[in-house]
Amino acid sequence: MDKNQDIQKVEQSRDILISAIAQTMVIYGVTPSVGRIYGVLYYADRPLNLDEIKDQVAMSKGSVSTGLRDLLDTEMVIKVWKKGNRKDHYIAEKDFFKNFFAFFVKRLRQERSIISRANQQVEGTLKEIASDSSSEEAKKMAQGDLQDIEQTKIYFDWTLKLANAMETGEIFKSFPINSKEGDETGND
C-alpha cells in the first residue's frame, strides 16, 4: 500500500477520534469546539502554538484563545516553553484519569463552596424562626429547611472525602485500574 495513503488514513482516523472526544466533552459541560482543541493537542506529535491550533480547528484566534484558557483551567492542557520561540505552546494532558479527577474535584469544590455559603447565610435566620416564631407553619418550614441543610452537610463531607481520595490516589484502593503492566494505580 502507498505510504501517503496510509498517512492519510491515519489522519482520517484521528479526525474521527478527535470528533468523538469533542462530542464526549459536551457531557462534562465543555463545548465541542473546546473539545476539538483538546483533541488536536492530544494527537499532536509536538507542542503547538495558538496559530497552529487555530489552523487545525478552523476557529478564530479569539475562540481558540478562550478555549485554551478553559482547558488550562481544568488542567487538561499545559502551557510549555519552547526554546528560541516567544509564542506560548500547548500540549494535552493525556492521562484521562488525571483529567477526570481534576475536572470533578474542581466541580465538587465549587458546588460545596456555593451551597455552604448559602447555608451559612440562612442558617441563623432559620434557627431563629424555628425556635421563636409565633407561626407554627413558619416554625415547621424552618425546621424542615434546617434538616435539609444538615443533609447537605453530610453530603458535602462525603464529597470532600471523595475529592481528597481522587487527589491523593486513594480512590484506586477501592477502584483499581487494571493495566496490562499490572500496575493497579494507573500511575507510572
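The values are calculated or read from the model by the stated rules, or taken from the named source; none is laboratory data. Here the structure is a predicted model, which is why all the values come from computation and not from measurement. All Cβ positions, glycine included, derive from the backbone under ideal geometry; neighbour counts span all protein chains shown. Protein only, heavy atoms only, side chains kept; ligands, DNA and RNA dropped before computing areas. Shrake-Rupley method; radii C 1.70, N 1.55, O 1.52, S 1.80 Å.
Can you find even one residue in the stretch 121-129 that is of a type in the set (A, V, I, L, M), closer than 20 Å to residue 159 by Cβ, free of Cβ contacts under 8 Å to residues at least 60 places away in the same chain and open to solvent by less than 60 Å² (accessible area, probe 1.4 Å)? No, the stretch 121-129 contains no residue that is of a type in the set (A, V, I, L, M), closer than 20 Å to residue 159 by Cβ, free of Cβ contacts under 8 Å to residues at least 60 places away in the same chain and open to solvent by less than 60 Å² (accessible area, probe 1.4 Å).
For the stretch 1-31, filtered to residues that are closer than 17 Å to residue 77 by Cβ and in a loop (DSSP other than H, G, I, E, B), the residue that is modelled with the lowest pLDDT is 29. The set of residues from the stretch 15-26 being surrounded by 11 or more Cβ atoms within 10 Å (Cβ to Cβ) and among the aliphatic types (A, V, I, L, M) comprises 17, 18, 20, 21, 22, 25, 26.
Can you tell me which residues in the stretch 149-167 are farther than 17 Å from residue 107 by Cα, surrounded by fewer than 17 Cβ atoms within 10 Å (Cβ to Cβ) and not acidic (Asp, Glu)? Within the stretch 149-167, 151, 154 meet the criteria. Taken as a whole, the condition of being part of a helix (DSSP H, G or I) and farther than 30 Å from residue 64 by Cα applies to residue 160.
Can we say residue 173 is more than 23 Å from residue 42 (Cα to Cα), open to solvent by 100 Å² or more (accessible area, probe 1.4 Å) and modelled with pLDDT under 95? When the stated conditions are applied, residue 173 passes them.
The selection criterion, being acidic (Asp, Glu), under 25 Å from residue 14 (Cα atoms) and loosely packed, with under 14 Cβ neighbours inside 10 Å, does not hold for residue 88. Considering the stretch 94-114, the residues that are under 21 Å from residue 40 (Cα atoms) and of a type outside the set (D, E, K, R) include one that is surrounded by the fewest Cβ atoms within 10 Å (Cβ to Cβ), namely 96.
Let's see how each residue does on (1) in contact with a Pro (Cβ under 6 Å, 6 or more places away or on another chain); (2) surrounded by fewer than 19 Cβ atoms within 10 Å (Cβ to Cβ); (3) farther than 26 Å from residue 105 by Cα; (4) of a type outside the set (Ser, Thr, Tyr):
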site	(1), (2), (3), (4)
8	no, yes, yes, yes
13	no, yes, yes, no
32	no, yes, no, yes
46	no, yes, yes, yes
58	no, yes, yes, yes
70	no, yes, no, yes
79	no, yes, no, yes
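Annotation: of all residues in the stretch 130-146 being among the polar types (S, T, N, Q) and surrounded by 12 or more Cβ atoms within 10 Å (Cβ to Cβ), the one that is modelled with the lowest pLDDT is 133.
Scanning the stretch 52-80 for residues being among the basic types (Lys, Arg) and not in a helix (DSSP H, G or I) gives a total of 1. Among the residues of the stretch 43-64, those that are in contact with a helix residue (DSSP H, G or I) (Cβ under 7 Å, 6 or more places away or on another chain) and not small (Gly, Ala, Ser) comprise 43, 48, 50, 53, 54, 56, 57, 59, 61, 64.
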